[in-house]
Amino acid sequence: MSANEDVLRRLVMELQMLQETADAIQQRISLTYSAINELQVAHNTLEGIKKEKKKSSLLVPIGGGSYIKSILEDSEKLIVGIGANIAVEKTITEAQEAFQTRLLRLEQARNSLQKQLEEIATKITNTRTNFQTLSEQLQEGKRIV
(Lines give C-alpha, C1' and ligand atoms only; values in the text may rest on other atoms or scores of the structure.)
Protein backbone atom coordinates (compact mmCIF):
# COMPACT_ATOMS: atom_id res chain seq x y z
CA MET A 1 0.00 0.00 0.00
CA SER A 2 1.45 3.37 -1.04
CA ALA A 3 1.66 6.52 1.00
CA ASN A 4 -0.94 8.09 -1.31
CA GLU A 5 -3.40 5.30 -0.57
CA ASP A 6 -2.87 5.86 3.15
CA VAL A 7 -3.59 9.55 2.65
CA LEU A 8 -6.74 8.66 0.70
CA ARG A 9 -7.97 6.47 3.56
CA ARG A 10 -7.20 9.23 6.05
CA LEU A 11 -9.16 11.70 3.91
CA VAL A 12 -12.14 9.33 3.78
CA MET A 13 -12.11 9.03 7.59
CA GLU A 14 -11.75 12.79 7.92
CA LEU A 15 -14.72 13.33 5.59
CA GLN A 16 -16.83 10.95 7.65
CA MET A 17 -15.93 12.73 10.89
CA LEU A 18 -16.60 16.14 9.37
CA GLN A 19 -19.98 14.98 8.05
CA GLU A 20 -20.95 13.57 11.46
CA THR A 21 -19.92 16.85 13.08
CA ALA A 22 -21.95 18.81 10.53
CA ASP A 23 -24.98 16.60 11.19
CA ALA A 24 -24.67 17.11 14.96
CA ILE A 25 -24.40 20.88 14.55
CA GLN A 26 -27.42 20.88 12.23
CA GLN A 27 -29.44 19.02 14.87
CA ARG A 28 -28.42 21.59 17.49
CA ILE A 29 -29.45 24.38 15.13
CA SER A 30 -32.85 22.72 14.68
CA LEU A 31 -33.30 22.44 18.45
CA THR A 32 -32.33 26.09 18.81
CA TYR A 33 -34.92 27.11 16.20
CA SER A 34 -37.56 25.09 18.08
CA ALA A 35 -36.71 26.81 21.36
CA ILE A 36 -36.78 30.23 19.66
CA ASN A 37 -40.20 29.51 18.15
CA GLU A 38 -41.54 28.32 21.50
CA LEU A 39 -40.38 31.49 23.26
CA GLN A 40 -41.81 33.69 20.51
CA VAL A 41 -45.19 31.98 20.84
CA ALA A 42 -45.07 32.43 24.62
CA HIS A 43 -44.14 36.10 24.24
CA ASN A 44 -46.97 36.70 21.75
CA THR A 45 -49.43 34.84 23.96
CA LEU A 46 -48.53 37.10 26.87
CA GLU A 47 -49.15 40.13 24.65
CA GLY A 48 -52.67 38.82 24.07
CA ILE A 49 -53.26 38.03 27.73
CA LYS A 50 -52.19 41.54 28.75
CA LYS A 51 -55.19 42.84 26.79
CA GLU A 52 -57.66 40.47 28.45
CA LYS A 53 -59.71 41.40 31.47
CA LYS A 54 -60.13 39.35 34.62
CA LYS A 55 -62.73 36.58 34.19
CA SER A 56 -62.18 36.43 30.42
CA SER A 57 -62.83 33.04 28.84
CA LEU A 58 -59.74 31.34 27.38
CA LEU A 59 -58.91 28.15 25.53
CA VAL A 60 -55.79 26.60 27.05
CA PRO A 61 -53.83 24.04 24.99
CA ILE A 62 -53.44 20.69 26.74
CA GLY A 63 -51.54 18.91 23.95
CA GLY A 64 -52.48 16.80 20.98
CA GLY A 65 -54.23 19.75 19.35
CA SER A 66 -56.75 19.78 22.21
CA TYR A 67 -57.89 22.66 24.41
CA ILE A 68 -59.76 23.18 27.64
CA LYS A 69 -61.96 26.16 28.44
CA SER A 70 -60.70 28.27 31.31
CA ILE A 71 -61.41 31.57 33.05
CA LEU A 72 -58.59 34.07 33.50
CA GLU A 73 -58.31 34.80 37.20
CA ASP A 74 -55.20 36.98 37.13
CA SER A 75 -53.92 38.76 34.04
CA GLU A 76 -51.03 40.39 35.89
CA LYS A 77 -48.95 37.43 37.09
CA LEU A 78 -48.02 33.99 35.85
CA ILE A 79 -45.72 31.10 36.67
CA VAL A 80 -42.55 30.96 34.55
CA GLY A 81 -40.14 28.04 34.30
CA ILE A 82 -36.56 29.13 34.91
CA GLY A 83 -34.88 25.76 34.37
CA ALA A 84 -34.12 22.57 36.30
CA ASN A 85 -37.88 22.08 36.88
CA ILE A 86 -38.03 25.28 38.90
CA ALA A 87 -40.74 27.88 38.31
CA VAL A 88 -41.33 31.30 39.82
CA GLU A 89 -44.15 33.80 39.82
CA LYS A 90 -43.54 36.86 37.65
CA THR A 91 -45.50 39.72 36.22
CA ILE A 92 -46.24 39.52 32.54
CA THR A 93 -43.72 42.28 31.86
CA GLU A 94 -41.02 40.45 33.85
CA ALA A 95 -41.79 37.25 32.01
CA GLN A 96 -41.58 38.98 28.64
CA GLU A 97 -38.24 40.51 29.61
CA ALA A 98 -36.99 37.07 30.65
CA PHE A 99 -38.19 35.65 27.32
CA GLN A 100 -36.39 38.42 25.44
CA THR A 101 -33.17 37.64 27.31
CA ARG A 102 -33.52 33.95 26.47
CA LEU A 103 -34.29 34.79 22.85
CA LEU A 104 -31.13 36.89 22.57
CA ARG A 105 -29.03 34.07 24.02
CA LEU A 106 -30.61 31.54 21.69
CA GLU A 107 -30.05 33.82 18.69
CA GLN A 108 -26.39 34.16 19.67
CA ALA A 109 -26.08 30.39 20.06
CA ARG A 110 -27.76 29.82 16.70
CA ASN A 111 -25.44 32.33 15.01
CA SER A 112 -22.41 30.64 16.56
CA LEU A 113 -23.64 27.23 15.43
CA GLN A 114 -24.30 28.59 11.92
CA LYS A 115 -20.73 29.88 11.77
CA GLN A 116 -19.38 26.52 12.94
CA LEU A 117 -21.47 24.76 10.30
CA GLU A 118 -20.13 27.05 7.58
CA GLU A 119 -16.56 26.34 8.71
CA ILE A 120 -17.21 22.59 8.65
CA ALA A 121 -18.79 22.88 5.19
CA THR A 122 -15.67 24.66 3.94
CA LYS A 123 -13.46 21.92 5.43
CA ILE A 124 -15.63 19.25 3.81
CA THR A 125 -15.33 20.97 0.44
CA ASN A 126 -11.55 21.29 0.77
CA THR A 127 -11.16 17.69 1.92
CA ARG A 128 -13.30 16.43 -0.97
CA THR A 129 -11.20 18.44 -3.41
CA ASN A 130 -8.00 16.98 -1.93
CA PHE A 131 -9.52 13.50 -2.06
CA GLN A 132 -10.57 13.93 -5.70
CA THR A 133 -7.16 15.27 -6.72
CA LEU A 134 -5.26 12.48 -4.99
CA SER A 135 -7.65 9.86 -6.32
CA GLU A 136 -7.13 11.08 -9.88
CA GLN A 137 -3.35 11.05 -9.38
CA LEU A 138 -3.52 7.45 -8.17
CA GLN A 139 -5.68 6.45 -11.13
CA GLU A 140 -3.25 8.06 -13.56
CA GLY A 141 -0.32 6.31 -11.84
CA LYS A 142 -2.03 2.92 -12.16
CA ARG A 143 -2.72 3.45 -15.86
CA ILE A 144 0.96 4.09 -16.55
CA VAL A 145 2.08 0.87 -14.88
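The values are calculated or read from the model by the stated rules, or taken from the named source; none is laboratory data. Because the structure is predicted, anything quoted here is derived from the model rather than measured. Here the Cβ positions follow ideal geometry from the backbone for every residue, glycine too, while neighbour counts run over all protein chains shown.
Taken across the stretch 100-114, residues that are within 28 Å of residue 13 (Cα to Cα), crowded, with 16+ Cβ neighbours inside 10 Å and among the aliphatic types (A, V, I, L, M) do occur, with at least one present. If we keep just the residues of the stretch 36-59 that are touching a Lys or Arg at 6+ places or on another chain (Cβ under 8 Å) and over 30 Å from residue 111 (Cβ atoms), which is surrounded by the most Cβ atoms within 10 Å (Cβ to Cβ)? Looking at the filtered set, the residue picked out is 58. For first residues located in the stretch 21-48 and within 16 Å of residue 102 (Cβ to Cβ) and in contact (Cβ under 8 Å) with a residue 12 or more places away in the chain, partners that are part of a helix (DSSP H, G or I) and aromatic (Phe, Trp, Tyr) and lie 6+ apart or on another chain with Cβ distances below 7 Å form the pairs 39/99; 42/99; 43/99. Residues in the stretch 1-60 that are of a type in the set (Asp, Glu) and within 30 Å of residue 122 (Cβ to Cβ): 5, 6, 14, 20, 23.
Within the stretch 1-56, the residues that satisfy the criterion of being within 17 Å of the chain's Cα centre (by Cα) and among the hydroxyl-bearing types (Ser, Thr, Tyr) are 21, 30, 32, 33, 34.
Among the numbered conditions (1) modelled with pLDDT of 90 or more; (2) of a type in the set (A, V, I, L, M); (3) more than 20 Å from residue 116 (Cα to Cα), the only one that residue 8 does not meet is (1).
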